[in-house]
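Colleague: First the structure, then my questions, so here it is.
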Amino acid sequence: MKKILALMLVAMLALTLVACGEKTPAETTAPADDGAGEETAQNLTFKLGGTGPLTGGAAIYGLAVKNAAEIAVEEINAMDGVHFELQYQDDAHDAEKAVNAYNALKDWGMQISMGSVTSTPCVATAAETYADRIFAITPSGSSTAVLEGNDNQFQMCFTDPNQGSASAQYIHDKGLASKVAVIWKNDDVYSKGIYDTFMAAAPGLGLEIVSDTTFQDGNDTNFSVQIADAQSKGAELVFLPMYYTPASLIFAQAKAVGYEPKWFGVDGMYGILTLEGFDTSLAEGVILLTPFNADSEDARTQAFVAKYQEKFGEIPNQFAADAYDCVYAYKQALEDSGCTADMSREEICAKMIEQFTTMTFDGLTGDGMTWDATGAVTKSPKGMVIQNGAYVGLD
Amino acid sequence: MSLLDSIINGISLGSIYAIIALGYTMVYGIAKMLNFAHGDVIMVGAYVCFFAATRFGLNPLVSVLIAMVVCTLLGITIEKLAYAPLRSAPSLAVLITAIGVSYFLQNLALLLWSPNPKVFPNFFKKIADDGSELTGINLFGGSLRISYVTLVTILVCVVIMVALTVFINNGKLGKAMRACSEDKDTARLMGINVNTTISVTFAIGSGLAAIAGVLLCSAYPTLVPTTGSMPGIKAFTAAVFGGIGSVPGALLGGLTLGVIEILAKAYISTQLSDAVVFAVLIIVLLVKPSGLLGRKINEKV
Amino acid sequence: MKKLGISKASQKAFTTYGVVIAAFAVMQIVGATGNMSSMLKGMLVPICAYVVMAVSLNLTVGVLGELSLGHAGFMSVGAFMGVTAASALRDSGLSAGLRLAIAMVVGALFAGIVGFLVGIPVLRLNGDYLAIVTLAFGEIIKSIFNNMYLGFDKKGFHISLLTDKVSAGLGEGGKLIIGGPMGIGGIQKIATFTAGFILIMICLVVIFNLVNSRAGRAIMAIRDNRIAAESVGIPVTKYKMMAFVTSAAMAGSAGALFALNFSTIVANKFDFNTSILVLVFVVLGGLGNMLGSIIAATALVILPEVLRQFRDYRMLVYAIVLILVMLIRNNPAIKNFTGRFRTGKKGGAEK
């Protein structure tokens, strides 16, 4: 019995090792045209890779990024100039698997990277891209730790601390409230990053934090205690640095106990209105900061939203918009710097660092974006308020 | 938040744990296996009910019935394909297979229904005279609120428990179940079809899972492919807490766990509430090593 | 083999050593000739860590016969404490190899201590109740690391729970090492495949010597019949504790090795699912069968990566493979078939 088993396992192992050596034919979006301008087209097709959670609890973010990047690549490959071959690998929101996924991409021959979708995996892959000198720009890995200790990892989204202090400033400037409650997710890098800077900025702006409660993974359905704490301590505004899924539960449970404060969210709140089956009246009056609005009048945004909806049957969220911008930023940077696909990764990386720190980029998530040497983007979040089931600009 | 509020919230949370724990405890009592896929059957039940009610616009009761039928069939299929061939295998082998089934269901749900959360409709509300929606009742002049979902959950939980107890203690099938749980070989010698009995147990457990899924998602209305996993683990803990294999134990364990969790959040720390819950569990098991209502197993020498 | 006068037990041990050494040699040759893919190269250290996790859990589950669902908790202790030690020694001038060794020893030590403390209540229980308590401890450990802040400066270590009081109190040149839910970032990656190989060998030597010693026979006697063992005067608690603490300490060193291979580590990585994953390695490889654990751990760590070609269906295929392997392994027909060749060898481990 044991021998058979051992044999079987050894066979499986041998098979896996062999397969490891082979090139993995995974999801690639090859350029549409092969014929036109052979010489130049060949030289300008770059292998672009990224990792993200395509399975597991965080899959919603990874899939949004992958889908939007595919749309951008398709559009760009139909144009003249730089073309991309895109490959996304699953990291299941885990640092270990992200490094494996990154290595799979490296074996495939990735030249430029879109980092990882979520923060913790992105910190892990940033160390790898730094060691291998592959340039990376993450659409959504927003923690500052992503940028630390490297010169070639950039961000398309603004960093978390940026959002925390901006939120406190916003609440103060608009005179929204003086007594504030915070509910945050204390095992999440994203939530914790925003919380820390919000708390640091709040006292200086005359905001009194009357209630400070948390939740965790697997403990994120019953918010009765957190809501009751905020209510009993008379908070006029509740700050929610979190994604919209738990927020939707908080709104429903607060309404059930008749608590109606002002709600203030960050960019993770964006997307709550398109939750299937969500009663949008629950989110009436919620204020949020977001760089992207799918209802915007902007022609490019509308074209993107229409295409995304047609292909994937959903309204894209800000993750998708950031990913779309990443690919276009690459197109602009590669074309302006005159990179060709036969250059080494080191050369491309050096040129990209130079290009990204000097160029200005207009995308769906903001106009006139620039990057500093650390890789952080400067763009300002827009204040939005939810009115009659739609996001309405505040300024 | 007053102590009474906390306790009511705890009971509301606990009654959901209890109803999931019933599924664990029944299967464990008879098949002596930890069915880790139970939480994911709950998720499937909730999805089926969600689609029946929203996409096809069916009556809530019909939707729940459809979910029950689907889950029962799913439970029987899983049992026949994955667990029945392992009847004579060590119990750990079945445990691992159950984990495989759990992965399978979660990833299948991810592919079929996408990771985007669905918001479960609230079946338990009524329209008041002035046209506004009522989702609960107020007691003591509005100082205490209990939602209909909580009331229904507790009621359903008690009804199921009573029904199960009656079913197990009376009737041929119930007797067969008890016999199987005592000693499978002897039961077989007495002319009981052990395989059928175990299949029936799975069918009942999975049917209950559908109800649990609907109640879980009515109380906490976001539905994603991983919805069932954490409540599943908590309910499993509750089942052990109450004494695994015991039907009243599941109810008691679930309610106790829910109340402790809410009290820990309210009075100790929202950050460490899970740690507190598990610490209490450890202490209880040290005092009563076979759970609150578990049967003391006499060791044969 | 019997002609040479080698006992069956040591024959088994030597086969296991041989396979591990051969695998190491093959990997080194493949690596040296430059034929190794980046993916495989990147997975070598994690595989070593998981192999150590699997053999150490096999000591608890297979040899001692107690189901543990919280093994990742000990890995977590080893990972956090090991990395803390390595970070604190970063500017000490010690070589990377030495710092890695110290980190693994520190990880093992702390995990061993936690194992002892956990063992006191846990080993009083039996069966599924024991299992659920180990699960509970795993969750508690995760919860604590998620809320722990630990910094280091010239004056030594500073620690606080729940809120970060450490950063503010750090002196000149001090740094925050464990940042609550952020875990540890900016880890210097000093783990190597060779170190992983040495760790596996040490663990195997310890386990085989333990199993084939007087203590090991006592432990297996307790597994097979506790009451009988007790009645012939075996101190049950002592031997149970011995196996449990050894197992925890090994998991701790595996944790340190694992964490020092990544630039960041968070407490949520070592959750219930990781404990279950390691348990799957053990059960698949066979209870009490160390070689089986090693092969199963390696195969199952590589499998999801190889399945990348199935794209979206990857994890679905993984689940199906897992179920099928369990079904085939326990198929009575296959058992009968192999049983014909192996009569009279009823493995006590698979009861």
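The values are calculated or read from the model by the stated rules, or taken from the named source; none is laboratory data. A quick note: this is a predicted structure, and the numbers were derived from the prediction, not measured. Here the Cβ positions follow ideal geometry from the backbone for every residue, glycine too, while neighbour counts run over all protein chains shown.
Colleague: Any residue in region A:99-124 that is within 11 Å of residue A:89 (Cβ to Cβ) and touching a residue at least 60 places away in the same chain (Cβ under 8 Å) sitting within a Cβ distance under 7 Å of a residue that is assigned to a strand (DSSP E or B) and basic (Lys, Arg)? List the pairs, counting only those 6 or more apart or interchain.
Modeller: Close Cβ pairs (under 7 Å, with a partner that is assigned to a strand (DSSP E or B) and basic (Lys, Arg)) amount to A:108/A:47; A:110/A:47.
Colleague: Sticking with this structure for a sec: Counting only residues that are crowded, with 16+ Cβ neighbours inside 10 Å and either of a type in the set (S, T, N, Q) or touching a Ser or Thr at 6+ places or on another chain (Cβ under 9 Å) (or both), how many does region A:297-311 have?
Modeller: So the count comes out to 2.
Colleague: So, in region C:127-143, of the ones that are more than 7 Å from chain B (Cβ to nearest Cβ) and either outside any helix (DSSP H, G or I) or of a type outside the set (Ser, Thr, Tyr) (or both), which residue ends up farthest from residue C:65 (Cα to Cα)?
Modeller: Ranking the qualifying residues of region C:127-143, first place goes to C:142.
Colleague: Given the residues A:288, A:273, which is the only one that is under 27 Å from residue A:198 (Cα atoms), assigned to a helix (DSSP H, G or I) and under 20 Å from the mean Cα position of the chain (by Cα)?
Modeller: When all the criteria are applied, what remains is A:273.
Colleague: Considering only region A:185-211, how many residues are within 10 Å of chain C (Cβ to nearest Cβ) and hydrophobic (A, V, I, L, M, F, W, C)?
Modeller: Within region A:185-211, residues that are within 10 Å of chain C (Cβ to nearest Cβ) and hydrophobic (A, V, I, L, M, F, W, C) number 2.
Colleague: May I pose another question? Consider region A:56-82. How many of its residues are in contact with a His (Cβ under 6 Å, 6 or more places away or on another chain), within 10 Å of another protein chain (Cβ to nearest Cβ) and assigned to a helix (DSSP H, G or I)?
Modeller: Number of matching residues: 0.
Colleague: Still on this structure, please answer the following. Among the numbered criteria (1) of a type outside the set (Ser, Thr, Tyr); (2) in contact (Cβ under 8 Å) with a residue 24 or more places away in the chain; (3) surrounded by fewer than 24 Cβ atoms within 10 Å (Cβ to Cβ), which single criterion is violated by residue B:208?
Modeller: Of everything listed in (1) of a type outside the set (Ser, Thr, Tyr); (2) in contact (Cβ under 8 Å) with a residue 24 or more places away in the chain; (3) surrounded by fewer than 24 Cβ atoms within 10 Å (Cβ to Cβ), residue B:208 misses just condition (3).
Colleague: Next up: Tell me, which strands (runs of 3 or more DSSP E) wholly within region A:166-242 include 2 or more residues that are within 22 Å of residue B:229 (Cβ to Cβ)?
Modeller: Of the strands (runs of 3 or more DSSP E) lying wholly inside region A:166-242, those with at least 2 residues that are within 22 Å of residue B:229 (Cβ to Cβ) span A:208-215.
Colleague: So which residues in region A:183-230 are under 26 Å from the mean Cα position of the chain (by Cα) and β-branched (Val, Ile, Thr)?
Modeller: A:183, A:189, A:194, A:197, A:213, A:214, A:221
For every residue, the table says whether it meets (1) in a helix (DSSP H, G or I); (2) touching a strand residue (DSSP E or B) at 6+ places or on another chain (Cβ under 7 Å); (3) not charged (D, E, K, R).
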position	(1), (2), (3)
B:237	yes, no, yes
B:260	yes, no, yes
B:265	yes, no, no
B:276	yes, no, yes
B:295	no, no, no
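Colleague: Separate question: Do we have any residue at all in region A:327-348 that's under 19 Å from the mean Cα position of the chain (by Cα), β-branched (Val, Ile, Thr) and in a helix (DSSP H, G or I)?
Modeller: Checked against the condition, which is being under 19 Å from the mean Cα position of the chain (by Cα), β-branched (Val, Ile, Thr) and in a helix (DSSP H, G or I), region A:327-348 yields at least one hit.
Colleague: Are any residues in region C:35-59 among the β-branched types (Val, Ile, Thr) and either touching a Leu at 6+ places or on another chain (Cβ under 8 Å) or free of Cβ contacts under 8 Å to residues at least 24 places away in the same chain (or both), and if so, which ones?
Modeller: C:45, C:52, C:55
Colleague: I'm told residue C:274 meets every condition in (1) within 14 Å of chain A (Cβ to nearest Cβ); (2) not in a helix (DSSP H, G or I) except one. Can you identify the failing condition by its number?
Modeller: (2)
Colleague: Moving on to the next point. Could you say which residue among C:53, C:39 is surrounded by 15 or more Cβ atoms within 10 Å (Cβ to Cβ), touching an Asp or Glu at 6+ places or on another chain (Cβ under 6 Å) and among the aliphatic types (A, V, I, L, M)?
Modeller: C:39
Colleague: Read through the list (1) more than 14 Å from chain C (Cβ to nearest Cβ); (2) buried (at least 24 other Cβ atoms within 10 Å of the Cβ); (3) at pLDDT below 85, then give the number of the only condition that residue A:174 fails.
Modeller: Checking residue A:174 against (1) more than 14 Å from chain C (Cβ to nearest Cβ); (2) buried (at least 24 other Cβ atoms within 10 Å of the Cβ); (3) at pLDDT below 85, the one that fails is (2).
Colleague: While we're looking at this one, here's another question. Checking the conditions here, which among C:117, C:98, C:59 is crowded, with 24+ Cβ neighbours inside 10 Å, modelled with pLDDT of 85 or more and either outside any loop (DSSP other than H, G, I, E, B) or touching a Ser or Thr at 6+ places or on another chain (Cβ under 9 Å) (or both)?
Modeller: Step by step, each of C:117, C:98, C:59 is checked, and only C:59 is crowded, with 24+ Cβ neighbours inside 10 Å, modelled with pLDDT of 85 or more and either outside any loop (DSSP other than H, G, I, E, B) or touching a Ser or Thr at 6+ places or on another chain (Cβ under 9 Å) (or both).
Colleague: Turning to a different aspect of this structure: Kindly establish whether residue C:226 is of a type in the set (Lys, Arg) and either within 10 Å of another protein chain (Cβ to nearest Cβ) or within 16 Å of the chain's Cα centre (by Cα) (or both).
Modeller: Yes, satisfied.
Colleague: Would you tally the residues in region A:95-118 being of a type outside the set (A, V, I, L, M), within 13 Å of another protein chain (Cβ to nearest Cβ) and farther than 16 Å from residue A:140 by Cβ?
Modeller: So the count comes out to 9.
Colleague: If the requirement is being at pLDDT below 80 and buried (at least 22 other Cβ atoms within 10 Å of the Cβ), which of these qualifies: B:63, B:147?
Modeller: One residue alone meets the criteria, B:147.
Colleague: Which one is modelled with the highest pLDDT among residues in region B:160-217 that are among the polar types (S, T, N, Q) and not in a helix (DSSP H, G or I)?
Modeller: B:193
Colleague: Can you list the helices (runs of 4 or more DSSP H) found entirely within region C:193-251 that contain at least 2 residues being buried (at least 17 other Cβ atoms within 10 Å of the Cβ) and either at pLDDT 90 or above or not polar (S, T, N, Q) (or both)?
Modeller: The helices (runs of 4 or more DSSP H) meeting that bar are C:193-211, C:214-224.
Colleague: Would a scan of region B:184-201 turn up a residue that is of a type outside the set (A, V, I, L, M, F, W, C) and touching a Leu at 6+ places or on another chain (Cβ under 8 Å)?
Modeller: The answer is yes; a qualifying residue exists.
Colleague: Among B:4, B:61, B:81, B:22, which is among the hydrophobic types (A, V, I, L, M, F, W, C) and in contact with a helix residue (DSSP H, G or I) (Cβ under 8 Å, 6 or more places away or on another chain)?
Modeller: B:22
Colleague: Where the second residue is part of a helix (DSSP H, G or I) and β-branched (Val, Ile, Thr) and the first is within 9 Å of chain A (Cβ to nearest Cβ) and farther than 14 Å from residue B:45 by Cβ and lies in region B:221-247, which pairs have Cβ atoms under 6 Å and are six or more apart or on separate chains?
Modeller: B:222/A:245
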